[in-house]
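Asker: Below you will find the structure I want to go over with you.
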Amino acid sequence: MAAMLAHEVKNPLSGIRGAAQLLERVVKGADQELARLICGETDRINALVDRMGGFVADGPLDRSAVNIHEVLERVQRSAEAGFARHVKFFNDYDPSLPPVVGNRDQLIQIFLNLVKNAAEAAPRRNGEITLKTGFRQGVRLAVAGREGRVHLPLMISVSDNGSGMSDEIARHLFDPFITTKSGGAGLGLALVAKLIDDHGGIIEFDTNPSGTDFRVFLPVYTEMETEEGLH
Ligand SMILES: Nc1ncnc2c1ncn2[C@@H]1O[C@H](COP(=O)(O)OP(=O)(O)OP(=O)(O)O)[C@@H](O)[C@H]1O
Ligand SMILES: [Mg+2]
């Protein structure tokens with residue numbers, strides 16, 4: 001349904017954009033500016049619709065044993081080459097960490113969104129991001145909406161030395177369209193929360209004026225879990 005709607009929005013949108021581009025060539029002065037505005041805004045709606053597509057499950061996903069360190073290294077590499085060029089990364093990895101059961105692409109997406117927020121929060125000078133992993137054998141958590149206690153021994157944290165966030169933002173952090181950024185859609189963390197939930201995990205955070213720390217807890221890969229057929 002949502003995928004169909006996205007399709008139906010994008011088609012006329014590309015028509016509008018094309019028409020505005022043609023107009024931009026024939027009109028003059030201030031009117032050209034208006035035509036460019038239409039193009040820019042249609043691009044924005046287009047990108048928004050694409051990102052909303054991330055919330056739509058397209059049938060069961062491939063799940064397998066995923067090495068979370070490999071995921072984090074990949075995320076860090078692409079961050080360092082792009083949006084996090086100004087940031088110094090620190091790694092504190094637990095080498096004994098067993099694989100997580102999950103979808104590799106979605107796990108990359110989760111940590112890319114968290115690292116992007118961390119990079120945007122970190123100061124332009126001396127910005128720091130720490131990626132940390134740990135294994136908490138035997139810890140069981142009570143998770144809202146789930147029976148009994150769940151075993152989520154894998155911990156992955158993304159922390160930054162930014163200036164934290166207000167209580168108001170923190171209260172609604174995982175809701176869609178919550179943003180303090182001029183060009184932000186406010187979809188990053190809403191998508192992170194949904195994907196972690198799909199993985200049977202949870203996310204929590206601490207924030208204060210000297211930085212923010214997001215911690216993700218995930219189930220570990222076992223043969224039994226695959227037999228139960230997570231989907
Ligand atoms: N590490 C962080 N430090 C400080 N504030 C943060 C951090 N991560 C998120 N926030 C706050 O939470 C808001 C929502 O984040 P979210 O990723 O959902 O959206 P966004 O980054 O604003 O836009 P988008 O991710 O869609 O481009 C941000 O605008 C910011 O105010
Ligand atoms: Mg974001």
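Asker: Condition first: in a loop (DSSP other than H, G, I, E, B) and at pLDDT 95 or above. Now tell me which residues in segment 198-210 satisfy that.
Answerer: Here is the first cut: in segment 198-210, the residues in a loop (DSSP other than H, G, I, E, B) are 199-201, 209-210.
Correct list: Pro209, Ser210.
Asker: Okay, next question. Strands (runs of 3 or more DSSP E) wholly in segment 19-108 with at least 2 residues that are in contact with a Lys or Arg (Cβ under 7 Å, 6 or more places away or on another chain) - which ones? Break it down into steps so the answer makes sense when it comes.
Answerer: Working: elements: 64-66, 87-92, 100-102.
Hits in segment 19-108: 100-102.
Asker: Here are Leu191, Leu195: which of them is outside any loop (DSSP other than H, G, I, E, B), out of contact with any Lys or Arg (no Cβ under 7 Å at 6 or more places or on another chain), at pLDDT below 95 and closer than 23 Å to Phe135 by Cα?
Answerer: Values: Leu191 fails: closer than 23 Å to Phe135 by Cα.
Just a single option satisfies the conditions, and that option is Leu195.
Asker: What tally of residues in segment 175-213 results from selecting those that are within 7 Å of ligand 1 (Cβ to nearest atom), under 14 Å from the mean Cα position of the chain (by Cα) and not small (Gly, Ala, Ser)?
Answerer: Matching residues across segment 175-213 total 4.
Asker: Could you please tell me which pairs satisfy a Cβ distance under 6 Å, a separation of 6+ or placement on different chains, a first residue in segment 115-139 that is among the hydroxyl-bearing types (Ser, Thr, Tyr), and a second residue that is more than 12 Å from ligand 1 (Cβ to nearest atom) and not in a loop (DSSP other than H, G, I, E, B)?
Answerer: As it stands, the answer is Thr130/Phe90; Thr133/Ile156, since those pairs meet every condition given.
Asker: Shifting gears a bit: Taking segment 160-188 only, how many residues are small (Gly, Ala, Ser), surrounded by 12 or more Cβ atoms within 10 Å (Cβ to Cβ) and either part of a loop (DSSP other than H, G, I, E, B) or in contact with a helix residue (DSSP H, G or I) (Cβ under 7 Å, 6 or more places away or on another chain) (or both)?
Answerer: As a first pass, look at segment 160-188 and keep what is small (Gly, Ala, Ser): 162-164, 166, 170, 182-186, 188.
Then keep just the ones that are surrounded by 12 or more Cβ atoms within 10 Å (Cβ to Cβ); that gives 162-164, 170, 184-186, 188.
Next cut, either part of a loop (DSSP other than H, G, I, E, B) or in contact with a helix residue (DSSP H, G or I) (Cβ under 7 Å, 6 or more places away or on another chain) (or both) only: 162-164, 184-186, 188.
Number of matching residues: 7.
Asker: Taking only segment 121-143 into account, find how many residues are buried (at least 17 other Cβ atoms within 10 Å of the Cβ) and either within 16 Å of ligand 2 (Cβ to nearest atom) or modelled with pLDDT under 95 (or both). Working first, answer last.
Answerer: Taking segment 121-143 as the starting set, the residues that turn out to be buried (at least 17 other Cβ atoms within 10 Å of the Cβ) are 121-122, 127, 129-133.
Applying the additional criterion that residues be either within 16 Å of ligand 2 (Cβ to nearest atom) or modelled with pLDDT under 95 (or both) yields 121-122, 127, 129.
The qualifying residues number 4.
Yes/no matrix, rows are residues, columns are (1) surrounded by 11 or more Cβ atoms within 10 Å (Cβ to Cβ); (2) under 30 Å from Lys194 (Cβ atoms); (3) outside the structural domain of Gln106 (by TED's automatic domain parsing); (4) not charged (D, E, K, R):
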{"position": "Ala20", "(1), (2), (3), (4)": "yes, no, yes, yes"}
{"position": "Leu23", "(1), (2), (3), (4)": "yes, no, yes, yes"}
{"position": "Glu41", "(1), (2), (3), (4)": "yes, yes, yes, no"}
{"position": "Leu48", "(1), (2), (3), (4)": "yes, yes, yes, yes"}
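Asker: What residue, among those in segment 65-120 that are more than 16 Å from ligand 2 (Cβ to nearest atom) and small (Gly, Ala, Ser), is farthest from Arg51 (Cα to Cα)?
Answerer: Step by step, filter segment 65-120, then rank; the result is Ser96.
The values are calculated or read from the model by the stated rules, or taken from the named source; none is laboratory data. The model shown is predicted, which means the values in this text are computed figures rather than measured ones. Because the Cβ atoms are built from the backbone with ideal geometry, glycine has one as well, and the counts that use them run over all protein chains shown.
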